[in-house]
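> If you scroll down you'll find the structure; I have some questions about it.
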Amino acid sequence: MTTILTKSFPQDKQPLTKPAPGKKRVLIVGGGFAGIAAARALKRTDVEIRLIDRRNHHIFQPLLYQVATAVLAPSEIAAPIRQLEAKQKNLSVLLAEIRGINLATRIVEVACPGIGSRKLEYDFLVIATGMRPSYFGHDEFARFAPGLKSLNDAETIRAKILSAFELAESTDDEKERARQMTFVLVGAGPTGVELAASIAQLVSVTLRNNFRKIDPAKSRIVLLDGGTRILPTFAESLARKAANRLTKLGVEVSTGVKVEKVDDQGVIAAGNRIPAATVLWTAGVSASPVVKMLGTQTDRAGRAFVGAFMDIPEAPNVFVAGDAATMTQDGHPVPGVAQAAIQQGRFVGHVIANRVRGRNDGRPFRYRNKGNMAVVGKNFAILEAGYLRSSGFVTWWVWAALHVLALPQLQNRFRVQTQWFWSYLSGQRSSRLISEGPRSSSSQQ
Ligand SMILES: Cc1cc2nc3c(=O)[nH]c(=O)nc-3n(C[C@H](O)[C@H](O)[C@H](O)COP(=O)(O)OP(=O)(O)OC[C@H]3O[C@@H](n4cnc5c(N)ncnc54)[C@H](O)[C@@H]3O)c2cc1C
């Protein structure tokens with residue numbers, strides 16, 4: 001068996017944690033959709049589960065763009081992992097970051113904040129550490145164009161957008177005012193589209209009459225993409241409808257445009273400079289660096305190639321699930337979406353449960369696509385499920401209902417419904433505070 005030790009374990013005094021006698025130890029890294037689903041699938045299995053995450057909370061990422069545009073507060077779309085899993089007696093949560101993995105000795109080294117390094121033994125290891133923004137080899141863009149992956153990112157973006165209007169109101173320089181009121185989004189996938197539409201409604205409805213020198217409705221919102229069309233994962237007819245809707249909302253959509261530079265003045269795209277104080281990166285993603293610690297084969301985005309049972313060839317007791325894994329089904333890649341992550345996590349949990357009970361693995365993993373949705377501002381969403389394609393007002397209601405139901409806790413559902421109801425009727429957004437203090441984007445993991 002291959003031994004891969006990406007970082008040598010220091011000779012610290014932290015003892016190795018010993019498993020309870022007779023119990024198999026399952027280590028799950030990542031409390032996102034895949035990690036939580038894997039843990040829950042092991043609820044009735046006689047194992048000792050340790051769920052490790054460097055954050056204390058699980059984030060419902062599909063609504064992150066609403067935190068970034070002041071519709072919702074961070075706590076409304078997130079939940080403490082400890083609280084989510086409080087009733088699962090065979091599970092404990094550890095706030096820690098992975099430092100190294102030794103497949104031969106079955107030991108993971110983690111860094112616990114304030115305590116230092118610890119070594120944890122495992123019988124089964126599940127890596128579900130997700131993705132992070134990728135700047136396609138231009139990491140220098142990250143300083144000027146935050147991605148949207150964490151609550152920190154969403155708050156950074158929210159502060160950037162809201163501050164731009166404050167600066168536009170206070171300056172007497174017309175050029176600078178125009179720059180402050182220009183928002184460029186790089187990448188027209190679902191996140192870019194949802195974010196652009198939400199900014200468009202913020203400027204035309206929520207901020208109306210709030211300023212004396214500027215008219216926020218005159219802001220420029222530019223959505224750029226290097227591909228031939230927006231929303232490439234949706235059918236062309238739906239993407240066209242979404243593009244028309246964006247245009248109606250006042251968003252300038254430009255496809256086939258490569259962004260060459262991002263700096264403190266804006267972007268240079270297809271040779272033209274667009275002066276913009278706010279540039280947001282919604283273009284690419286790459287897998288968490290934890291995957292590299294496995295030393296297994298990865299694709300260009302750093303995702304681990306997994307087998308039919310989501311395990312890696314080097315170690316059949318090590319699984320990769322969710323966005324951190326890549327696999328094809330019927331000639332197409334399984335998409336990096338929440339439902340795929342949940343199904344994979346649940347599947348891995350069942351495989352481990354079977355192995356602990358001495359049963360065979362059962363059938364290989366098969367992804368069941370229940371449909372994809374994207375929302376384009378108020379009253380308009382698109383849906384693609386098998387041969388079904390729909391768009392418009394009713395689809396938007398379906399989108400809203402499904403997202404409320406999918407939130408992690410009852411209190412999130414209640415609070416999001418209330419906020420949406422208020423926002424729908426009044427056009428107001430209740431999370432418009434620009435908080436003080438240093439901000440660091442967690443995108444750069
Ligand atoms: C802005 C945005 C909008 C989206 N919208 C949709 C949508 O509308 N519909 C949809 O289906 N999908 C959507 N997605 C995709 C979906 O959220 C992902 O596919 C899903 O979150 C993947 O789940 P995961 O468990 O693999 O990873 P994640 O949910 O990203 O969880 C990974 C976890 O691993 C932890 N972690 C990472 N590195 C370490 C480390 N070194 N040590 C310890 N812990 C670590 C992280 O803190 C995190 O909790 C969206 C994603 C984003 C970013």
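> If a residue counts only when it is in contact (Cβ under 8 Å) with a residue 12 or more places away in the chain and within 30 Å of GLY192 (Cβ to Cβ), which strands (runs of 3 or more DSSP E) contained entirely in segment 11-121 have at least 1 such residues?
On the way: elements: 24-29, 47-53, 57-59, 78-80, 91-95, 97-102, 107-112, 116-121.
Output list reads 24-29, 47-53, 57-59, 78-80, 97-102.
> Something else now. Count, please, the residues in segment 263-302 that happen to be part of a loop (DSSP other than H, G, I, E, B) and either open to solvent by less than 40 Å² (accessible area, probe 1.4 Å) or touching a residue at least 40 places away in the same chain (Cβ under 8 Å) (or both).
Keep residues of segment 263-302 that are part of a loop (DSSP other than H, G, I, E, B), which gives 264-265, 270-271, 276-277, 282-283, 288, 295-297, 299-302.
Add one more test, that the residue is either open to solvent by less than 40 Å² (accessible area, probe 1.4 Å) or touching a residue at least 40 places away in the same chain (Cβ under 8 Å) (or both), and what stays is 264-265, 276-277, 282-283, 288, 295-296, 299, 301-302.
The number of residues fulfilling the criteria is 12.
> Given the conditions (1) loosely packed, with under 12 Cβ neighbours inside 10 Å; (2) under 27 Å from HIS58 (Cα atoms); (3) free of Cβ contacts under 8 Å to residues at least 40 places away in the same chain, report the number of the one that VAL404 does not fulfil.
Result: VAL404 fails condition (1) only.
> Within segment 148-187, how many residues are over 15 Å from LEU202 (Cβ atoms), within 16 Å of the chain's Cα centre (by Cα) and open to solvent by less than 10 Å² (accessible area, probe 1.4 Å)?
Summing the residues that are over 15 Å from LEU202 (Cβ atoms), within 16 Å of the chain's Cα centre (by Cα) and open to solvent by less than 10 Å² (accessible area, probe 1.4 Å) in segment 148-187 gives 3.
> In addition: Inside segment 136-160, can you point out the residues that are closer than 22 Å to THR182 by Cα, within 15 Å of the ligand (Cβ to nearest atom) and not small (Gly, Ala, Ser)?
Those that are closer than 22 Å to THR182 by Cα, within 15 Å of the ligand (Cβ to nearest atom) and not small (Gly, Ala, Ser): PRO146, LEU148, ASP153, GLU155, THR156, ILE157, ARG158.
> When you go through PHE144, PHE136 one by one, which is the residue that is at positive phi, open to solvent by 10 Å² or more (accessible area, probe 1.4 Å) and within 23 Å of the chain's Cα centre (by Cα)?
Within the list PHE144, PHE136, the selection yields PHE136.
> Residue check, ASN244 against (1) touching a residue at least 12 places away in the same chain (Cβ under 8 Å); (2) surrounded by fewer than 23 Cβ atoms within 10 Å (Cβ to Cβ), all met but one. Which one?
The number of the failed condition is (1).
> Quick one: how many residues across segment 144-170 are among the charged types (D, E, K, R) and either at pLDDT below 95 or not in a helix (DSSP H, G or I) (or both)?
To start, the set of residues in segment 144-170 that are among the charged types (D, E, K, R) comprises 149, 153, 155, 158, 160, 166, 169.
Filter once more, keeping what is either at pLDDT below 95 or not in a helix (DSSP H, G or I) (or both): 149.
Of the residues in segment 144-170, 1 are among the charged types (D, E, K, R) and either at pLDDT below 95 or not in a helix (DSSP H, G or I) (or both).
> Quick one: in segment 350-401, of everything that is open to solvent by 20 Å² or more (accessible area, probe 1.4 Å) and aliphatic (A, V, I, L, M), which residue is nearest to the chain's Cα centre (by Cα)?
MET373
> Name the pairs: first residue in segment 158-173 and of a type in the set (Phe, Trp, Tyr), second residue in a helix (DSSP H, G or I), Cβ to Cβ under 8 Å, at least 6 apart or on different chains?
From residues that are of a type in the set (Phe, Trp, Tyr), the pairs are PHE165/GLN180; PHE165/PRO216.
The values are calculated or read from the model by the stated rules, or taken from the named source; none is laboratory data. Fair warning: this is a prediction, and the values are worked out from it, not measured in the lab. Because the Cβ atoms are built from the backbone with ideal geometry, glycine has one as well, and the counts that use them run over all protein chains shown. For the accessible areas, the whole protein counts, side chains as well, though only heavy atoms, and no ligand, DNA or RNA atoms are used. Shrake-Rupley method; radii C 1.70, N 1.55, O 1.52, S 1.80 Å.
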